[in-house]
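So the structure is just underneath, and the comments pick up after that.
Just so you know, all these numbers are worked out from the coordinates, no wet-lab data involved. Bear in mind that the values here come from a model prediction, so they are computed numbers and not experimental data. For neighbour counting, all protein chains shown are included, and Cβ atoms are generated from backbone atoms with ideal geometry for every residue, glycine included.
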Amino acid sequence: MKKLKCHCGQFKAEIRIDNLDKILRCNCSICKRKGAIMSMVKNEDFIIVEGEDKLSLYKFHTKVAKHYFCSICGIYTHHNPRSNPSMTGFNLGCIEDIDTFELEDIKINDGKNHPLDKN
Ligand SMILES: [Zn+2]
C-alpha cells in the first residue's frame, strides 16, 4: 500500500501496490508538459481517501482519457488513459516514500504516436 497526496494535501489516495513493476514517462502533448514519472494500477486498486471534490478533470482531443489534478495546488495526481480506461496512472512524485530521482528503468511511453490515432 502506497499513500499518495497532492502538494497541498487536500487530495489523498491509497494505492494497493507492492512493487512498482512499470515506471514510465510519456511523450504525449500533456505528459510532455507535466513531466511526471508515473506508474499504473487497476482502477479498483486506486482508492480515493479524501478530497475527491477538490479534483479538477481535464479532457482533450477524443475526451476519453481523464486527467485529474488538484484544483487548489494544481498538481497532477492521476489519470485514466484512453488506451485502457480501466487502469489508473498516477504521479509517483505524489508518493511520500518514493524519491523519483532515485528511480531506475524508467520506460518512455510513446503517447505522441498513440495507437488509437493510427488508421
Ligand atoms: Zn492540492
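Pick from Phe46, Phe60, Phe90: which residue has the top mean-square fluctuation in a GNM of the chain where Cα pairs under 10 Å get a spring?
Phe60
May I ask you to list the GluC sites (Glu not before Pro) in segment 1-100 that are in a DSSP loop and have at most 12 other Cβ atoms within 10 Å of their Cβ?
Glu96
Give a residue-ordered list of calculated ³J(HN,Hα) values for segment 66-73 (Karplus: 6.51 cos²θ - 1.76 cosθ + 1.60, θ = phi - 60°; whole Hz; x for Gly, Pro).
Each residue's phi maps through the Karplus curve to give 10, 10, 9, 8, 6, 6, 8, 9 Hz.
Can you tell which of Tyr68, Tyr58, Tyr76 shows the greatest fluctuation in a Gaussian network model of the chain with Cα springs below 10 Å?
Checking each option, the largest mean-square fluctuation is seen for Tyr58.
Where does the chain land at 222 nm, in deg cm²/dmol rounded to the nearest 500, when only DSSP H runs of n ≥ 4 count, each adding -39500 (n - 2.57), divided by all residues?
Calculated mean residue ellipticity at 222 nm is -1000 deg cm²/dmol.
When we measure straight from the Cα of Lys3, which lysines land under 19 angstrom away, once same-chain ones fewer than 8 places off are left out?
Lys12, Lys22, Lys42, Lys54
Mean-square fluctuation check for the chain, GNM, Cα pairs under 10 Å: which of Phe69, Phe101, Phe11 is largest?
Phe101
Order of Lys22, Lys54 from fewest to most other C-beta atoms within 10 Å?
Least crowded to most crowded, the residues run Lys22, Lys54.
Around Lys59, under 14 Å between beta carbons, what's the net of Lys plus Arg minus Asp minus Glu among the other residues?
Residues near Lys59 contribute +3 overall.
Would you grab the residues whose amide H sits under 5 Å from the one on Lys22? Only those 5+ places off in sequence or on another chain, please, with H modelled 1.01 Å from N.
Result for Lys22 returns Met40.
List Met1, Met87 from most exposed to least, where exposure is judged by having the fewest other Cβ atoms within 10 Å.
Neighbour counts put them in this order, fewest first: Met1, Met87.
If neighbour count is taken as other Cβ atoms inside 10 Å, put Thr100, Thr88 in order from fewest to most.
Thr100, Thr88
Rounded to two decimals, what is Rg over Rh for the chain when you use alpha-carbon atoms and the Kirkwood radius?
Using Cα coordinates only, the ratio equals 0.94.
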